[in-house]
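One structure below.
The values are calculated or read from the model by the stated rules, or taken from the named source; none is laboratory data. Since this is a predicted model, take the numbers as computed values, not measurements. With ideal geometry, Cβ positions are generated from the backbone for all residues, glycine too; neighbour counts draw on all protein chains shown. Quick note on the areas: whole protein, heavy atoms, side chains included, nothing else; ligands and nucleic acids left out. Shrake-Rupley method; radii C 1.70, N 1.55, O 1.52, S 1.80 Å.
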Amino acid sequence: QVQLVESGGGLVQPGGSLSLSCAASGIIFSINSMGWYRQAPGKQRELVATITRGGFTNYADSVKGRFTISRDNAKNTVYLQLNSLKPEDTAVYYCNSKTPGSSWPGTSWGKGTQVTVSS
């Protein structure tokens, strides 16, 4: 059974930081690409960052230079470091897993973790 469990969300002030984690089970983690998506109220879900099994990363322009995605295959965990947070970063952040050769998004989703950036 596939499970992706996010953690680390919370309330932070503008300019602050958060570290998100996604623990995976039920998948062959080491061969999958992993990604983070987010969805703000009234908005479509959007891709934030991805990382391949080889460690290559891509970021949405809106977060480039502020967020960092990484993975630890030994721990079956993908991370997202969020720095210099802005109110427009407020959203539910979802972990996503994609098998080799398939298109984004992958078929496996976590339930999400809330990130709120506000004074």
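For the range 8-108, with the dipole built from +1 on Lys and Arg beta-carbon atoms and -1 on Asp and Glu ones, taken about the Cα centre, which of V12, Y93, A23 lies farthest toward the positive end?
Farthest towards the positive pole: A23.
Tally up the carbon and sulfur contribution to the accessible surface of the chain as a whole percent, 1.4 Å probe, everything protein left in place.
That fraction is 49 percent.
With Cβ to Cβ distances under 9 Å as the rule, what net charge do the other residues near P105 carry (K, R +1; D, E -1)?
+2
Taking only pairs that are 8 or more places apart or on different chains, how many Lys pairs in the chain have Cα atoms under 24 angstrom apart?
Taking the Cα cut-off of 24 Å, the pair count is 10.
Give the residue from S62, P105, N76 lying farthest towards the positive end of the charge dipole for the range 48-119; charges sit on Cβ (+1 for Lys and Arg, -1 for Asp and Glu) and the dipole is referred to the Cα centre.
Of the candidates, N76 comes out farthest on the positive side.
Need one number: nm distance between label points at L47 and A74, each 7 Å from Cα along Cα→Cβ, rounded to one decimal.
Computed distance between label sites L47 and A74 equals 3.0 nm.
Calculated FRET efficiency, N58 and K111, Cβ-Cβ r, R0 30 Å, to nearest 0.05?
Efficiency, from the Cβ-Cβ distance: 0.80.
Can you compute the charge dipole magnitude of the range 54-119 about its Cα centre, using +1 on each Lys and Arg Cβ and -1 on each Asp and Glu Cβ, nothing else charged? Give it in debye, rounded to the nearest 20.
Using Cβ point charges on Lys, Arg, Asp and Glu, the range 54-119 gives about 140 debye.
Roughly speaking, what is the centre-to-centre gap between the range 1-55 and the range 72-119 when only Cα atoms are used, to the nearest Å?
2 Å
Can you give me the relative contact order of the chain as a percent, contacts being Cα pairs under 8 Å and 6 or more apart?
Reported relative contact order: 35 percent.
Within a Cβ distance under 11 Å of L82, other residues only, what is the Lys/Arg minus Asp/Glu net charge?
Cβ neighbours under 11 Å give a net charge of +2.
Mind putting a number on the dipole of the chain about its Cα centre? Charges go on the C-beta only, +1 for Lys and Arg and -1 for Asp and Glu, and I need it in Debye to the nearest 20.
The dipole of the chain has a size of about 120 debye.
Label V5 and S118 with points 7 Å out from Cα along Cα→Cβ: what is the distance between them in nm?
2.8 nm
Using Cα pairs under 8 angstrom and six or more residues apart, how large is the relative contact order of the range 1-55, in percent?
28 percent
Over the range 5-68, give the accessible area per residue in Å² for a 1.4 Å probe, as an integer.
53 Å²
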